[in-house]
Amino acid sequence: MNEFTHMRKITSVDQLNTTQLEQLRLSGIAYDGQDLPPAERVSPHEESELESVLYSCELWDVTIDGSVVFEAWLYQVDSGSIFKAGTTEMIAEIIQCGLECEDEDIELKIGLAMVQSNLLPTVDSEYERFSNALKALQ
């Protein structure tokens, strides 16, 4: 079974290991193009127009058949970055709730997990494809 598990709300860099700190930095660059230190990503910027990427940020494990294969950062309600577990290799992004991935096999695995975990909106253009694939596996 593919699913998103072990959700953590991230409110401080103290919650993160070295690899996750780098994942956070890379997620920020992917989101807004700015290379900011992780500590600047965890709190709202009160004196700036830039809103922290980690405003409402969650870090999830993505499991495939019970093993953690990916780590997913979900932020800003409709965005995210997905990395191979324990690495800084970004393999997919979530843009305006939709999954973007160049590898079709990985995209299907993550898409199935998103549907299984109710993280892909039913109005998304790929929802039906992933939902049907999930039903075929059950």
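Worth pointing out:
- Positions within segment 118-135 being in contact (Cβ under 8 Å) with a residue 24 or more places away in the chain and exposed (fewer than 10 other Cβ atoms within 10 Å of the Cβ), in sequence order: Ser125
- Within segment 56-69, residues that are closer than 17 Å to Gln23 by Cβ reach partners that are of a type in the set (Gly, Ala, Ser) and crowded, with 19+ Cβ neighbours inside 10 Å with beta carbons closer than 6 Å, at six or more positions or on different chains, in the pairs Trp60/Ala72; Val62/Ala72; Val62/Ala113.
Yes/no per residue for (1) modelled with pLDDT of 90 or more; (2) surrounded by 15 or more Cβ atoms within 10 Å (Cβ to Cβ); (3) touching a Ser or Thr at 6+ places or on another chain (Cβ under 6 Å); (4) part of a loop (DSSP other than H, G, I, E, B):
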position: Phe4; (1), (2), (3), (4): yes, yes, yes, no
position: Thr19; (1), (2), (3), (4): yes, no, no, no
position: Ala30; (1), (2), (3), (4): yes, yes, yes, no
position: Ala39; (1), (2), (3), (4): no, no, no, no
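The values are calculated or read from the model by the stated rules, or taken from the named source; none is laboratory data. What you are looking at is a predicted structure, and each value in this text was computed from that prediction instead of being measured. Every residue, glycine as well, gets a Cβ built from its backbone with ideal geometry; the counts of neighbours run over all protein chains shown.
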